Amino acid sequence: MLYGMLSLTIVIALPTVLGRIVEHTQDQSASAVTQPFPVTVNPKNKTIIEDEEVNLFLDGENSPLQAAAGNTGSIFGRVLTLIATSISEAPWYQSIATVPGRFVTIEPGMRKEQVASAFGKQLGWNKTERQTFLTAKEDSTLPLSEGSFAAGVYFVTTGTTPAAAQSLVNDRFYQNILSHYGTSTEQVVPLAQALTVASLIEREAGGSEDMRIISGIIWNRLFLNMNLQIDATLQYAKASSPAAGTWWPKVVPNDRYRKSAYNTYLHSGLPPTPIASPSVAAVVAALNPKNTSCMYYFHDDSGYFHCSDSYAEHVALLKKFYGRGR
């Protein structure tokens, strides 16, 4: 699943609008997730527990996680609506004051270079400044690495430094992920492992509907020490070469032989790090997979999800939809 990169430059009238946006966003964040993430997978015991309460909690329409796990585009739309409403309600004389600012939208599934580019384009950063943004400070308690760039809409003013932007991203990551990742969760599924699995889910899923079953398939393969064979990892490895020309290039058969620690066709287990920054929904899916017997999956050209228990069934489905195996 490929994600585009959205960004918008806006000059906002009325300093009071900014305060209302901050209050609105904080209220939503506070109400979106009010408890630690549930966990129903145990990598050490190689088990997935089907918990009816957790399923109802995650799959229900009124899940407290829905707002946090929602599409960043809809969040952006709500922010713009709030701006328009605030301006329309304000007295005309207040519009004399202006606060120059820019919105930077970070989509789930972006790799770190895309995030640096999104901020850099809006703020006019050069190559050195973008690298500074990606380099964790020595005293940082939340070192920025692949997989920890929280998705969402960021408001930055002209002249925002790489260090200041880095703090914004770190704060958002803490609010969205770390504040709900308790010690007991860490003991069962270390954060780095959860983020890596979540990043694979984020890049592979066709939507939130199939995230948890893809998570189940990933864990099934890990439990059996099977190669994950995930194309998104090939894209990550391929794009690390300047010749790729895009951060998520098309995968061709020869890419499966590419020499890279991120090549999950050649190497068993998880890649060394996450391959992108996952959404809250993907992190929750990584911690709470569906207990499925499926070991293989693909999306057809219509985006419909198919999974199979055996390779023979997988090949049969591929032939049905594409006239060939894979």
Inset, instruction - Enumerate the aspartates and glutamates that LYS121 could reach by cross-link, defined here as Cα to Cα under 17 Å, with residues fewer than 8 away along the same chain left out. - result: GLU107, GLU113, GLU129
Legend entry - Over 25 Å (Cα to Cα) - which of LYS46/LYS290; LYS112/LYS250; LYS46/LYS250; LYS112/LYS238 fall in this group: LYS46/LYS250
Legend entry - Efficiency of FRET between LYS259 and ASN42 - r from beta-carbon atoms, R0 30 angstrom, step 0.05: 0.35
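Relative to the present Cα-Cα distance, how much length would full extension add between THR135 and HIS267 at 0.36 nm per residue of separation? All intermediate terms of the calculation are to be shown ahead of the outcome.
Details: separation 132, 0.36 × 132 = 47.52 nm, distance 2.81 nm.
So the extension gain works out to 44.7 nm.
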Legend entry - Computed lengthening from SER240 to LEU178, 0.36 nm per intervening residue step minus Cα-Cα distance: 19.5 nm
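Output the peptides 284-291, 112-119 sorted from most to least packed, where packing is the average of other Cβ atoms within 10 Å over each peptide's residues.
Values: 284-291: 24.2, 112-119: 21.2.
So the order, starting with the most tightly packed, is 284-291, 112-119.
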Inset, instruction - Measure off 7 Å from each Cα along the Cα-to-Cβ vector at GLN35 and GLU50, then give the distance between these two points in nanometres to one decimal. - result: 2.2 nm
Legend entry - Potential lengthening between ASN126 and LYS319 on full extension [0.36 nm per residue; Cα-Cα distance subtracted]: 64.6 nm
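Peptides 265-274, 157-166, 101-110: what's the order by average Cβ count within 10 Å, highest mean first? Intermediate values should be presented prior to the final figure.
Values: 265-274: 17.5, 157-166: 15.8, 101-110: 22.1.
Listed from highest to lowest mean packing, they are 101-110, 265-274, 157-166.
Any read-out appearing in this document is the output of simple, stated calculations on the displayed coordinates, not a laboratory observation. Since we're looking at a predicted model, the values are computed, not measured. Glycine also receives a Cβ, built like all others from the backbone with ideal geometry; neighbour counts cover every protein chain displayed.
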